[in-house]
Every structure is written in structure tokens, then in C-alpha cells.
Amino acid sequence: MKFVRPWMLLAVVILAGAAWWVFAPGPVANVAAAPSVLVSTMKLEPGSLPATVTAYGSVAAGPGAEQTLSTQASGVVGNVAVSLGQSVAAGQVLATLAADAPSVAELRKARDAVAAAQAARAHVAALLASHLATNADLAAADQAVGDADGALKALQAAGAGRTRNIVAPFAGVVSAVLVAPGSIQPAGSGLLRLAESGHMVAVTGVTPAQAGAIAPGDAAKITLLNDGGAVVDGQVALVAAMPNPQSGLQDVTLAPQGALPLGAPVEAVITTGQLNGYVVPRDAVQSDAQGSYVFQLDARNIAHRVAVQITGNADGQSVLAAAGLNPALPLVTVGAYQLDDGTAVRLAGGAGN
């Protein structure tokens, strides 16, 4: 029997160890990636949001609420006491108009005509007493006196030949100043325009497509953009049948339930109906070149991308059409932006870890 030398035994051990190191299998790879993204989810429930259209415009005088103040007799504008957009009270002096040379001359001519008609009438009366004129002649003379006197009184009532004040016939807002001090204005000239304070409207513009969804009576929220964001309730009074040639938009006139300052810029949110579907936080919906999408989780907490159709947005929420969505699976809300199709997730609160 041969004895194995120690050095030969050591060589065998070393060779065996080297073989095991070379040919031993590596660690078994994980079949599924370890969950790495923390998300929150929600259960899909049918719901609705108001369908709205947002429009921009400004405050204007309502139909029939604006009046042009004009002069009945010619004159020189002496002073304009108000400015555009100023609120005025009924009876307040808005401007003064001084007599001009033509109106003074016309008034003098009318007075002379009255005096001449009265003298002619006295002459006819004397002839009638001497039987040199008839009652018909006297009646004609009386008619001439009446005509001359009527013409004089009309000029006096119009203010011809004297300085007069132009006053506000009602409480309102000056919507236009049409004259300047020192200018000569003929009879009938417009001096100012005044809009009644309680009859303001908001005139906004929308695209033709948006106009088709709006109807008179629709509720609206009107926000004043230069008055600290004050909000006034209102409703649609009129939708124009065709685009405004200046803006290319269709005018939508809103009747407010409160006071609005003339000329103020406004934003109006008009409610046109209801949007039905699944209501989700807007941050839950992602988008890329392929369109809008969300993530739903299967029973193993694996995220799956689902293409969706957004039917509307309001107040930080979106309404999704039901097509493609599985109401039995939770929808990812917080953390959706970190996901890819097939990502394993952890649920906030410890579930699914």
C-alpha cells in the first residue's frame, strides 16, 4: 500500500478549490425588480365637474343705458368739469357752454321779430276800428305775433345767447368726453356720453367653437382684474351670432348681479354644463408625444400605463372618459411622474412594502 505524500494531498485540495471558484454558479437574479417608487393611489369613482369656458373682456354700458348729452343751441365750451370714467350724481354740472356770436345775433333777431309782429298787429287793429281792415286781417296778425313769440321762446329755452350749464340727467358714469374747452359747437352737437351706473355689462370674447356651447342664462363668475380680484356673479345675456370684425372673437355679453366700474378689464368663467366621467387630481395625468396617460396598479403593485381622454379640467382636477380604465384597479396619484410601464411601487402608508 502506497502512502499519499502530504504535498500531493495539498495539491488536490487546491485544484478542487480553484475548480469550484471557476465553475460555481453566481447568485440567483431577482425575477422582479425591488419596489423603489413611493406612490399614493385612489379608487376610481364616477363623478362630474362643471363644464366651463373662460373669456376676457371689459365693462361697458348696457343696451339703452348710455345717453349722449348734446346742446340745443350753438355755443363755446367754457369748461368741462368731468373726466372719462368719473361717477356723477343726478343734477351735477358736467360742462358749461357760453354764448357765441351767431346765437346772440339769432336771439336778437327773434326779439326784433316779436316786436315787429306786435307793431303790425296794433296797426291792423287800428285799421279794423276804422273799418279799413277785416277780422281775417286781425287774425292773421295775431298768428304772426304767436309765431314770432314761439320762435323766441324756443331759442330762450335752448339757451341761445346766454351761458348755460350741462347737467347730468341721472346718476351714472362718464363714458365719453366729446369736446374740448374753447371749441365752438353748433346746435345738436354731442358734448358727453353718460352711462347709468346700475346698467353696466361685461362684454367678453370667445372663439366660435366655444360660443356654440354658451347659451343665454348660463351662470358666470366675473373677476375684476384691476380691482383686487373682486368677483361678481352674473349670467349670459347675449351671445353674438358672428365674430366681431375687430377681434375675430364672438362677443358674449354678461349681466352682473353687482356693480362693475366702466371700462374695467375682466375675466369671466362661464358654466355651460356638466362633465361626467372619472374625476382625478390633475397631477395624476401625464402626457407625452403619444398623448395623455395615467398609471394603474395590478395586484402585485406593478404600474401599468393606460392611455386616457381628458374631457375637461377645473379647480385642479381632470375628468377622464371611462374608456380604457379599469375601475377595479387603483389609480396612481402622487408619484405618477416617476413611473414607467412595469415599474414596481411601494404604497404610501406602508401597504405593499
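Structure notes:
- Odd one out for A220, checked against (1) modelled with pLDDT of 95 or more; (2) surrounded by fewer than 17 Cβ atoms within 10 Å (Cβ to Cβ): (2)
- Any chance I270 is in the same structural domain as A213 (by TED's automatic domain parsing) and either touching a strand residue (DSSP E or B) at 6+ places or on another chain (Cβ under 9 Å) or at positive phi (or both): yes
- Number of residues in region 190-216 that are farther than 28 Å from A171 by Cα and either surrounded by fewer than 15 Cβ atoms within 10 Å (Cβ to Cβ) or not β-branched (V, I, T) (or both): the value is 10.
- The lone criterion from (1) surrounded by 18 or more Cβ atoms within 10 Å (Cβ to Cβ); (2) at pLDDT below 90 left unmet by L10 is number (1).
- Residues in region 101-133 that are among the β-branched types (V, I, T) and in contact with a helix residue (DSSP H, G or I) (Cβ under 7 Å, 6 or more places away or on another chain): V114, V124.
Yes/no per residue for (1) β-branched (V, I, T); (2) assigned by TED's automatic domain parsing to the domain that holds G91; (3) loosely packed, with under 12 Cβ neighbours inside 10 Å; (4) modelled with pLDDT under 90:
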position	(1), (2), (3), (4)
S130	no, no, yes, yes
T134	yes, no, no, no
D137	no, no, no, yes
A140	no, no, no, no
A148	no, no, no, yes
G172	no, yes, no, yes
A180	no, yes, yes, no
G188	no, yes, yes, yes
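- Summed over region 234-268, residues that are exposed (fewer than 13 other Cβ atoms within 10 Å of the Cβ) and more than 25 Å from Q86 (Cβ to Cβ) total 7.
- Residue count, region 70-115 (criterion: more than 24 Å from I184 (Cα to Cα), in a strand (DSSP E or B) and among the small types (G, A, S)): 1
- Residues of region 328-343 classified as touching a Leu at 6+ places or on another chain (Cβ under 8 Å) and either under 15 Å from L275 (Cβ atoms) or modelled with pLDDT of 95 or more (or both), total: 4
- Failed condition for A133, given (1) in contact (Cβ under 8 Å) with a residue 24 or more places away in the chain; (2) small (G, A, S); (3) outside any helix (DSSP H, G or I): (1)
- Considering I214, I222, the condition of being closer than 21 Å to P50 by Cα, touching a Gly at 6+ places or on another chain (Cβ under 8 Å) and not hydroxyl-bearing (S, T, Y) is satisfied by I222 alone.
- The set of residues from region 198-226 being free of Cβ contacts under 8 Å to residues at least 40 places away in the same chain and closer than 23 Å to A65 by Cα comprises P216, G217.
- Every test in (1) at pLDDT below 95; (2) closer than 21 Å to E196 by Cβ; (3) of a type outside the set (K, R) is passed by Q235 save one, and that test is (1).
- Checking each residue in region 86-117 for being surrounded by 13 or more Cβ atoms within 10 Å (Cβ to Cβ) and within 36 Å of the chain's Cα centre (by Cα) picks out Q86, S87, V88, Q92, V93, L94, A95.
- Residues that are touching a helix residue (DSSP H, G or I) at 6+ places or on another chain (Cβ under 7 Å) and closer than 16 Å to P281 by Cβ occur at least once in region 333-342.
- Those strands (runs of 3 or more DSSP E) lying entirely in region 159-275 with at least 3 residues more than 18 Å from the chain's Cα centre (by Cα) and among the β-branched types (V, I, T): 172-177
- Among (1) at pLDDT below 90; (2) surrounded by 18 or more Cβ atoms within 10 Å (Cβ to Cβ) - the single one A55 does not satisfy: (1)
The values are calculated or read from the model by the stated rules, or taken from the named source; none is laboratory data. Since this is a predicted model, take the numbers as computed values, not measurements. Quick reminder, even Gly has a Cβ in these numbers, built from the backbone with ideal geometry, and neighbours come from all protein chains shown.
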